[in-house]
Amino acid sequence: MSESAVSHPLIAPSVVRSDLDRVIEQAVSHLLALQYDEGYWWGELESNVTITSEHLFLTHILGVADKQEWTKIAAYLRERQREDGTWAIWYNGNGDLSTTIEAYLALKMAGVSPDEPEMTRARAFILAQGGVEKARVFTKIWLALLGEWDWHKTPMMPPELILLPRWFPVNIYSFGCWARGTVVPMTVIQSLRPVFPLPRWAHIDELFISGVKRANRSLPKKASRWAKAFAFADRMLKVYDRLPLKPFRKRAIQAAERWILERQEEDGSWGGIQPPWVYSLIALHAIGYKMDHPVLQKGLAGFYGEKGFAIEDEGTFRLQSCLSPVWDAALAMLALEDAGLPADHPALVKAGEWLLDEQIFTDGDWQVRCKGRPGGWAFEFANDIYPDTDDSAVVMIALMGAKLPARRKEQAFDRGLEWLLAMQSRGGGWGAFDRNSTRTLLRKIPFADFGEMIDPPSVDVTAHIVELLGKLGYRKGFRPLDRALCYLKGEQEEDGAWFGRWGVNLTYGIGCVLPALAAVGEEMDAPYVRRAVDWLIAHQNEDSGWGERIEGYADPKWRGRGPSTASQTAWALLGLIAAGAVEQPVTRRGIDYLIRTQQEDGGWDEQYFTGTGFPMDFMINYHLYRDVFPLMALGRYRRALQIE
């Protein structure tokens, strides 16, 4: 590293071209080495320990517990426990009550003595936070399955919900796809209320503040009018549930069973994500399916294997909540294209061919509210029922830079664009999986104390689709684009930032929107664009990078603030470069930050979680973000310098 590449954080360095070329070359080599033989890239999708704890619970419930696997799960949980005895939802976050309860129970089930120091510290935290009584609903449902909570003291979701017509104000298709895939099997589980009791030594009586018998099992009270209405409805549903005659119950369970069976994916999963998957297995098992049934066998096997969700080494076992090969492959292609790889480079051609094979032409739930023909891409290896608009847009942008058979590429783009345009929501934006999924009252149901229940349009997804339209040559005057631009302008916040739904947070939003505006030929000196640029300038850290803590989603004092990370710095730079701020000191300092923080292997280090599943509730560390986004930013910076 030359001395000129290291500078005082407040002084704009003069980026040395040789250093820039070398860093890009090393990053390209590193990324190429990570490509799989089939053509895709696939980094770990790291979340929190509840996913692995619940896998241990699942194997107990299904009667397939493996002692060696449990021992490795316990080792993983101990490895991830913080010094204060807690487990957090994201790296360097605060201890989380429900996450800590689930990890504590998993360790106890695996044979760890409650008298061990790490268990004592975890128990002290749990009790200080109000004990099991204060846990979130989903944790209490797991505890009810294991005999540690009263089923009747969980929110009621009757299976008759599946019989409600689509025009009814609340029906299963009112929920976002991930919530829908969870709610349907959950209604079966809650109606049957199965219990798979633990041995006496594994009970967690010690986690109740006032003892098990005197525990406060009332549902949390919400203040809004809709929340009170739903709480009343919950009480009425429980009265109905106690009636000896429920004329529609059997029919509803059968309908839910068919719905579940029809949605199992090729890899054995449901929805390509952990929650619908595990609850579907439990629901079918509760109905009476045995473990030798092909559906359950396929479902369990999907966690394991070469493309499974499990990661196992000599000492530990952990589970991913989801897999991201399509997303990772598209982002890696974009990074390599930005770095200057030619369209006929073997890595790009192989990846492009693999992505073309992943295009989905089968029907899915999205068709309930969209009459377009299928043609999108999903996030995972197998999730044909739920393609998403974000992946589809980014995949198509990536495919533009690869030399592929012209006719096949044209056909893929025709169907992909047709599907995307059909999925545009009423307000001009795009949700990720569903069209017009905006029934906000669902956020008030007693069941909804964790995550998001709907899939409304978001700025970042919409921006990627706008960017695609721009790269395809569309400009103002094309009605879908005009509507989308109107949506983006309307969503800009007072200080110039845009909310990042699927990435943390405002830096991600701006880093998506500004390249999209540039792609459609927007005037980049427009006042609203300059406000976003000014926001980026004002939030650069003293070390010349950018970073935002996840807490900024909820706490104004953390808005746009946090330790610098490679991916968030890259997002800021992508925005600045798109806005034409190539030679500004703020941009040169950001480029210098990426140059001097590159590791010897050509990648970057990033322990902080910069990906979002549900803001605050479920956060993600995409292990490939640290490598692809910095390379994108460096490559676009070098290209901008060459143009100028």
Counted residues in the range 550-568 being assigned to a loop (DSSP other than H, G, I, E, B), farther than 25 Å from residue 634 by Cβ and touching a helix residue (DSSP H, G or I) at 6+ places or on another chain (Cβ under 8 Å) come to 1
Considering residues that are without any contact (Cβ under 8 Å) to a residue 60 or more places away in the chain, part of a helix (DSSP H, G or I) and either of a type in the set (A, V, I, L, M, F, W, C) or under 15 Å from residue 320 (Cα atoms) (or both), the number found within the range 71-96 is 3
* **Some residue of the range 20-30 being in contact (Cβ under 8 Å) with a residue 40 or more places away in the chain, of a type in the set (Ser, Thr, Tyr) and in a loop (DSSP other than H, G, I, E, B)** => no
Restricting attention to the range 49-70, the residues that are surrounded by 16 or more Cβ atoms within 10 Å (Cβ to Cβ) and either in a helix (DSSP H, G or I) or at pLDDT below 95 (or both) number exactly 15
*asked:* Kindly evaluate residue 535 against the criterion of being free of Cβ contacts under 8 Å to residues at least 40 places away in the same chain and surrounded by fewer than 24 Cβ atoms within 10 Å (Cβ to Cβ).
replied: no
Output for Cβ contacts, cut-off 8 Å, separation at least six or different chains, first residue within 24 Å of residue 478 (Cβ to Cβ) in the range 399-418, second surrounded by 15 or more Cβ atoms within 10 Å (Cβ to Cβ) and acidic (Asp, Glu), reads 401/337
Scanning the range 585-605 residue by residue, the ones that are surrounded by fewer than 22 Cβ atoms within 10 Å (Cβ to Cβ) and free of Cβ contacts under 8 Å to residues at least 60 places away in the same chain total 4
Counting only residues in the range 457-489 that are in a loop (DSSP other than H, G, I, E, B) and in contact with a Gly (Cβ under 6 Å, 6 or more places away or on another chain), the one farthest from residue 154 (Cα to Cα) is identified as 475
Being surrounded by fewer than 22 Cβ atoms within 10 Å (Cβ to Cβ), in contact with a Lys or Arg (Cβ under 7 Å, 6 or more places away or on another chain) and not hydroxyl-bearing (Ser, Thr, Tyr) narrows 549, 559 down to just 549
Among 282, 311, 260, the single one that is hydrophobic (A, V, I, L, M, F, W, C), under 30 Å from the mean Cα position of the chain (by Cα) and in a strand (DSSP E or B) is 311
The one condition residue 344 fails out of (1) touching a residue at least 12 places away in the same chain (Cβ under 8 Å); (2) part of a helix (DSSP H, G or I) is (2)
Looking across the range 226-285 at residues that are β-branched (Val, Ile, Thr) and touching a residue at least 60 places away in the same chain (Cβ under 8 Å), the single one that is farthest from residue 190 (Cα to Cα) is 273
Within the range 112-145, the residues that are in contact with a Ser or Thr (Cβ under 7 Å, 6 or more places away or on another chain), more than 14 Å from residue 100 (Cβ to Cβ) and among the charged types (D, E, K, R) are 140
Within the range 475-501, the residues that are surrounded by fewer than 24 Cβ atoms within 10 Å (Cβ to Cβ) and either within 25 Å of residue 410 (Cβ to Cβ) or over 26 Å from the mean Cα position of the chain (by Cα) (or both) are 475, 476, 477, 478, 479, 480, 481, 482, 483, 486, 494, 495
Across (1) within 25 Å of residue 363 (Cβ to Cβ); (2) part of a loop (DSSP other than H, G, I, E, B); (3) hydrophobic (A, V, I, L, M, F, W, C), residue 252 clears everything bar (2)
For residue 472, the lone unmet condition from (1) of a type outside the set (D, E, K, R); (2) touching a helix residue (DSSP H, G or I) at 6+ places or on another chain (Cβ under 8 Å); (3) surrounded by fewer than 18 Cβ atoms within 10 Å (Cβ to Cβ); (4) closer than 22 Å to residue 275 by Cβ is (4)
Per the filter on the range 97-132, residues without any contact (Cβ under 8 Å) to a residue 40 or more places away in the chain, assigned to a loop (DSSP other than H, G, I, E, B) and more than 30 Å from residue 612 (Cβ to Cβ) are 112, 113, 115, 116
Residue 428 fails exactly one of (1) at negative phi; (2) at pLDDT 95 or above, namely (1)
Expected output for the range 310-327 (first residue touching a residue at least 24 places away in the same chain (Cβ under 8 Å) and charged (D, E, K, R), partner surrounded by 22 or more Cβ atoms within 10 Å (Cβ to Cβ) and outside any helix (DSSP H, G or I), Cβ below 9 Å, 6+ apart or cross-chain) is 312/318; 318/49
Within the range 305-346, the residues that are surrounded by 15 or more Cβ atoms within 10 Å (Cβ to Cβ), under 24 Å from residue 79 (Cβ atoms) and out of contact with any Lys or Arg (no Cβ under 6 Å at 6 or more places or on another chain) are 308, 309, 310, 312, 318, 319, 320, 321, 322, 323, 324
For this session: Take residue 402 and decide whether it is at pLDDT 95 or above, part of a helix (DSSP H, G or I) and out of contact with any Phe, Trp or Tyr (no Cβ under 9 Å at 6 or more places or on another chain).
Result: no
Selection over the range 37-48 where residues are in a loop (DSSP other than H, G, I, E, B), touching a residue at least 12 places away in the same chain (Cβ under 8 Å) and either farther than 29 Å from residue 93 by Cα or not polar (S, T, N, Q) (or both) yields a count of 7
Every listed condition ((1) modelled with pLDDT of 95 or more; (2) assigned to a helix (DSSP H, G or I)) holds for residue 152 save (1)
Quiz item: For residue 525, are the conditions met, namely being closer than 25 Å to residue 421 by Cβ and out of contact with any helix residue (DSSP H, G or I) (no Cβ under 8 Å at 6 or more places or on another chain)?
Solution: no
### Query
Got at least one residue in the range 594-611 being more than 28 Å from residue 89 (Cα to Cα), at pLDDT below 95 and in a helix (DSSP H, G or I)?
no
inquiry  = Regarding the range 615-638, can at least one residue be identified that is modelled with pLDDT under 95 and in a helix (DSSP H, G or I)?
reply    = no
Cβ pairs under 9 Å, 6+ apart or interchain, first in the range 161-179 and within 24 Å of residue 388 (Cα to Cα), second aromatic (Phe, Trp, Tyr) and assigned to a loop (DSSP other than H, G, I, E, B), ordered by first then second residue, are 174/168; 176/433; 177/386; 177/433; 178/386; 178/433
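The values are calculated or read from the model by the stated rules, or taken from the named source; none is laboratory data. Here the structure is a predicted model, which means the values were calculated and not measured. We place every Cβ from the backbone using ideal geometry, glycine too, and count neighbours over all the protein chains shown.
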